[in-house]
Amino acid sequence: MTDVLPTTGPAVGRISPCRMVDLTEHTDPRGKLTVVEPGKEIDFEIRRAYYIHHVPENAERGAHGHRRLRQLIVAVHGSFDVVVDDGFATGRFRLDNPSRGLYVGPMVWRDMVNFAPGTVGLWLVSEPYDESEYYRDYDEYLKDAKAIA
Ligand code: TYD
């Protein structure tokens, strides 16, 4: 599949840069409908979806990286920040619009912080859940991130 994602935001992600993606929005008097379709808004097939909600005040999530997985992250309600790190540079993306998502590719360490009360975050991802595909240890991640650069 060709790369259909625009490149915006901090240059983080040495294999595939993190970037904000404008999703296709259909507005009419009944409200808004937002679409995410592989080959259009994202360049990977969606093999799993999950969402986070009821995040307590000041809670932080993430603190991991993925070896292969690609994902689109959307704040479908509320807001939060995603802090990304590719072992060389860091960036911070604010997610506060259900019609804009953050694409995060492989070999990026990420933290999710600054959740507004009532936030619901949606993850559309390219792989089935596989704990062995995660980096949970930052030093291990960093060693491999430096090695592939
Ligand atoms: P975790 O990776 O810690 O979430 P976050 O990245 O938001 O901080 O996942 C929390 C728990 O959920 C952990 O026990 C793993 C489990 N989990 C699944 O079983 N399947 C999944 O698809 C995901 C994303 C997590």
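Bear in mind these aren't lab numbers, they're just calculated from the coordinates by the rules spelled out. This structure is a prediction, so every number in the text was calculated from the model and none was measured. With ideal geometry, Cβ positions are generated from the backbone for all residues, glycine too; neighbour counts draw on all protein chains shown.
Of note:
- Paramagnetic label zone (point 7 Å from Cα along Cα-to-C-beta, Ala49; backbone N under 20 Å) in region 60-87: 69-80
- Descending principal axes extents, region 76-120, alpha-carbon based, whole Å: 32, 19, 12
- Placed amide H near Arg14: partners under 5 Å, 5+ positions off or other chain: none
- Using every pair of separate Cα atoms, the Kirkwood estimate puts the hydrodynamic radius of the chain at 15.7 angstrom.
- The angle separating the long axis of helix 138-148 from the principal Cα axis of greatest extent in the chain is about 80 degrees.
- For Tyr135, residues with placed amide H under 5 Å, excluding near neighbours: Gly65, His66, Arg67
- Estimated [θ] at 222 nm from DSSP helical runs (n ≥ 4, -39500 (n - 2.57)) normalised by residues in the chain, nearest 500: -2000 deg cm²/dmol
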